[in-house]
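The values are calculated or read from the model by the stated rules, or taken from the named source; none is laboratory data. All values derive from a computational prediction rather than experimental measurement. Cβ: placed from backbone, ideal geometry, glycine included. Neighbour counts: every protein chain shown. Each accessible area value is taken on the protein alone, full model and side chains, heavy atoms only, with ligands, DNA and RNA left out. Shrake-Rupley method; radii C 1.70, N 1.55, O 1.52, S 1.80 Å.
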Amino acid sequence: MEFTAKIIAQFLNGVIEGNPDVSVNNVSGIEKGKEGTIAFLANPKYAKYLYLTKASIVLINKDFNVEKKVNCTLIRVKDAYQSLASLLELYEQQKPVKKGIHEVAVIEKSATIGKDVYIGPFAYIGENAVVKDNAKIYPHVYIGDQATVGNGTVIYPGVKIYYDCWIGARCIIHAGTIIGSDGFGFAPKSSKDYKKIPQVGNVILEDDVEIGANCSIDRATMGSTIIRKGVKLDNLIQIAHNVEIGENTVMAAQTGISGSTKLGSECMLGGQVGLIGHISIADGVKIAAQSGLSSTIKETGKIVQGSPAFGFTDYRKSYVYFRKLPALKAEIDALKKEINELKEKE
Amino acid sequence: MEFTAKIIAQFLNGVIEGNPDVSVNNVSGIEKGKEGTIAFLANPKYAKYLYLTKASIVLINKDFNVEKKVNCTLIRVKDAYQSLASLLELYEQQKPVKKGIHEVAVIEKSATIGKDVYIGPFAYIGENAVVKDNAKIYPHVYIGDQATVGNGTVIYPGVKIYYDCWIGARCIIHAGTIIGSDGFGFAPKSSKDYKKIPQVGNVILEDDVEIGANCSIDRATMGSTIIRKGVKLDNLIQIAHNVEIGENTVMAAQTGISGSTKLGSECMLGGQVGLIGHISIADGVKIAAQSGLSSTIKETGKIVQGSPAFGFTDYRKSYVYFRKLPALKAEIDALKKEINELKEKE
Amino acid sequence: MEFTAKIIAQFLNGVIEGNPDVSVNNVSGIEKGKEGTIAFLANPKYAKYLYLTKASIVLINKDFNVEKKVNCTLIRVKDAYQSLASLLELYEQQKPVKKGIHEVAVIEKSATIGKDVYIGPFAYIGENAVVKDNAKIYPHVYIGDQATVGNGTVIYPGVKIYYDCWIGARCIIHAGTIIGSDGFGFAPKSSKDYKKIPQVGNVILEDDVEIGANCSIDRATMGSTIIRKGVKLDNLIQIAHNVEIGENTVMAAQTGISGSTKLGSECMLGGQVGLIGHISIADGVKIAAQSGLSSTIKETGKIVQGSPAFGFTDYRKSYVYFRKLPALKAEIDALKKEINELKEKE
């Protein structure tokens, strides 16, 4: 498919600067643009590439100040990143859609399968499991007994969903993620060894949740581990038993949340963050990458860093002096010397 | 199934306070209790919920001091958490048990399969592999050539066990975990690139080991990577080649142990801890979450924190002053000023 | 198979000290050597075991100074570790080789399969996918539509490769690793929730790349996430969308690289390292374990540590004083007191 700048500008409600007849058939990053591709510029860090790119069309923000000559056609839009997302969506919708139930899938007779689903080869659907309309179950997926997969949800290859878990509508779960493995619960049996606490709860993913690849989300000991509507998790994330994550909270890769901790809505967690168990985090809290939280945060929108974490700005200030500690020590030694000299003079 | 408080108290050797005839059919967390459920109270942090819970029955410790009116029936037991574990076990035992060898499993002819095993659809059992009595092999599990799965061991969906590895009796391995992948061993071939060192050893899991979801345990270069009896690993943990982990040691999620490091027995590692290679850690050592160990610990039971880690209490003290570094710098500057004033006065 | 010291010395161009007729049939670590095994000594930390080992033969470096009586036969070689690697390779080559296409693999008709490949049971090869000559596809592997697996590449059980991704020649990908999952890209839809940015790019692995178990490598939003020739990644590593990793760079386990970051060639990253997005790292940079990088490094070969990271030596110095902070505070307090005394005397 080829689209002209004119067609794209119409679709995006944008304004053209340059040749409206130039056409593109693919997308590219602005720094790697080639003829025949469309790129976008949203992050000011990349502004310099606007004057160098070989992309034929570049989407820019309405109020962006073009400082030099450009070789491409510009389309000014309200939000270049959002507009690109809309274009990419259009592009995705052209792809062939996976459909039908493959003959080498195994579906237990007691399972309920909705309309217009895709169930790929080597997928397994357990006893009394429910796969709702328009869901897509890729190869090697395991849906345990009594588990539910909601309307229009996409489960990528190799995902394992243990028994009794509930996945809402329009969720996306990427390959290799495990939902509903046992929580890490053991009671000391003697001074040395442990007795396993059976984990009889489940995991609930509400609607519109996206989970990355190779995450693990443990089932609750009792009750439910709950991931609320609109939550987005990156790859290799650990969510322990009985955790609750509020609506639209997002977490970067390799972060881990310990048992029974409760996060508010619209929080943002950087990568490799760790939270201990049994604490609660207010709405809108932001936690810098690699931080460790060991206590509850009650203040909405607080930004923290460190291990253990405290106020972001304070952490940054302390870290400046951490870097200067040898110099600080030298200052102290110098003062010591001066005081001794003063003393001797008396 | 419904059970009355009376029946449960008898089973647990507990003492009833309240209505002995109230009945329950499910378990719940105390803070989310509903009518018809049984909850427990062990962590004092949750004591306030005892007076608010809607659970019908709550297990409490024998000596717990009830300070206000409660609406539920109490059962006093020696250890509320342990008693709950016993109840949950009873509850688990009611579940239907997976049995039989599914027709779409692939089992090589040279493999040896014990009595009363479960082998699910799409499981693969390799050449000369051994699956002992009462083992459960869930769908999409791969058991490599010459690998052994012990008596009563449960291997959850999608686990991959490479050739020659040995899994003991009564182990539990959660979905997505990889046992026996190659150790990360390369020798410089030139100043730039690397030559792979073949990894010809294996992994041994002794009896009663539990491993969480999506872990990776590498095979030894030569000899064995060894996980001793009773070890419990949480999710997303990395165990490198030739590591040895002592009996009943437990590790929280996302911790990583580098090659050839040896941990003692009954150690406790927090989440996201990292240990460098070729060190050894004494029995009973505790390592705080997110710490990094770069040297051997010889002292039994030592508690450490930091990256690199040192004594836990010392770390906490240093961290208090880290947080106050800007104030410390201000103090130094004030002293400097005072000394200069003293000097000028002379 | 049994080999005598004489045969092995000939194969390795080594010099025998001791009995040339002693024979071995297995390899072992020097500290755990048994009769009939060959071990090696390269790391000086293990030198003490040379005098204790029960291994029948030990490979040592040409210039190693034997200080006490040894019970084994020594073979002196140019590089004991490299020589061992050569021996292990020989040992590996004796193993039976997996061959043929299993009858319960599913291969779409439009796929292209090369000569002498292995495709195991329950493997899936998608529409228009290409598996080149001598490639090995283990059980439960998923090769998405239009994906390519290069000549002689080994894909271990359960690996999932999404559509359009390209794997070069002689690569090794360990079990559970996910290649080509969606990048973590969302645009704010309102003040609260997010709109998914479709990820239409792919992942390219150049030749001779090895990736450990349970890693996740996200596809590019547009263009390609690129892992260059000879890169070696350990287990549980996260590579985000549009990252580029230079030739022969190596990373230890649990490290994560955020979106659009570019690493040079021959870099070495310790375990649990985190890099933020949109930065670039010069060739040959070394990053200590658990460090966090938040800005570009332009200096070739720089060594850094800390979170945020700075010069390795400076970090170590600062950390020495971090450990002494309580003592530093005491020194400051003592100075304060002395100054006050000086003041009072005036």
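Of note:
- Note on the range B:3-93: with neighbouring protein chains present and a 1.4 Å probe, carbon and sulfur make up 50 percent of its accessible heavy-atom surface.
- Across the range B:3-93, the relative contact order, built from alpha-carbon pairs under 8 Å that are at least six residues apart, equals 27 percent.
- Charged side chains reduced to their Cβ positions (Lys and Arg at +1, Asp and Glu at -1) give the range A:3-93 a dipole of some 280 debye around its Cα centre.
- In Å, descending, principal axis extents of the Cα set of the protein assembly as shown: 98, 84, 82
- For the range B:3-93, lysine pairs separated by 8 or more sequence positions, or belonging to different chains, with Cα-Cα distances below 21 Å total 27.
- Restricting the calculation to Cα atoms, every distinct pair contributes to the Kirkwood radius of chain C, found to be 23.9 Å.
- Centroid-to-centroid, using Cα positions, the range C:296-336 and the range C:105-145 are 53 Å apart.
- Share of carbon and sulfur in the accessible heavy-atom surface of the range A:100-311 [1.4 Å probe, %]: 49
- Rel. contact order, % - alpha carbon contacts under 8 angstrom, at least six apart, the range B:100-311: 10
- Other protein chain Cβ atoms within 10 Å, averaged over every residue that makes up C:295-308: 2
- For the range A:35-55, heavy-atom accessible area (probe 1.4 Å) falls by no less than 40 Å² from the chain alone to the full protein assembly at A:Lys45, A:Tyr46.
- GNM remark for chain B: springs join alpha carbons under 10 Å apart, and the peak mean-square fluctuation among B:Lys232, B:Lys109, B:Lys98 falls on B:Lys109.
- Over 20 Å apart at the Cα level, from the set A:Lys302/C:Lys192; A:Lys136/C:Lys196; A:Lys262/C:Lys195, are A:Lys262/C:Lys195.
- Copies compared at A:Ser110 - label distances in nm, ascending, label defined 7 Å from Cα in the Cβ direction: 3.9, 3.9
- Think of each Lys and Arg Cβ as +1 and each Asp and Glu Cβ as -1; about the Cα centre, that makes the dipole of the range C:1-153 roughly 500 debye.
- Top of B:Gly158, B:Gly270, B:Gly311 by mean-square fluctuation, Gaussian network on chain B, Cα under 10 Å: B:Gly311
- With a Förster radius of 22 Å applied to the beta-carbon distance between A:Asp193 and B:Glu92, the computed FRET efficiency rounds to 0.65.
- Only the Cβ atoms of Lys and Arg (+1) and of Asp and Glu (-1) were treated as charged; on that basis the dipole of the range B:100-311 about its Cα centre amounts to roughly 500 debye.
- Taking chain C as a Gaussian network of alpha-carbon nodes connected by springs under 10 Å, the highest mean-square fluctuation of the residues C:Ala220, C:Ala253, C:Ala85 belongs to C:Ala85.
- Estimated from the Cβ-Cβ distance and a Förster radius of 60 angstrom, the FRET efficiency linking A:Ser295 and C:Glu341 is about 0.90.
- In the context of the full set of protein chains, residues of the range A:100-311 present 29 Å² of accessible surface per residue (probe radius 1.4 Å, heavy atoms only).
- The order of A:Ser291, B:Ser191 by accessible area, most exposed first and with a 1.4 Å probe, is B:Ser191, A:Ser291.
- Alpha-carbon centroids, the range C:57-79 and the range B:157-183: separation in whole Å: 37
- Accessible area buried at the A-C interface, both sides summed, 1.4 Å probe (Å², nearest 100): 5600
- Dividing the helix sum by the residues of chain A, where each DSSP H run of 4 or more adds -39500 (n - 2.57), gives a mean residue ellipticity at 222 nm of -5000 deg cm²/dmol.
- Mean Kyte hydropathy of 0.0 or more with a Cα span along the axis of at least 18 Å, helices from DSSP in chain A: A:80-93
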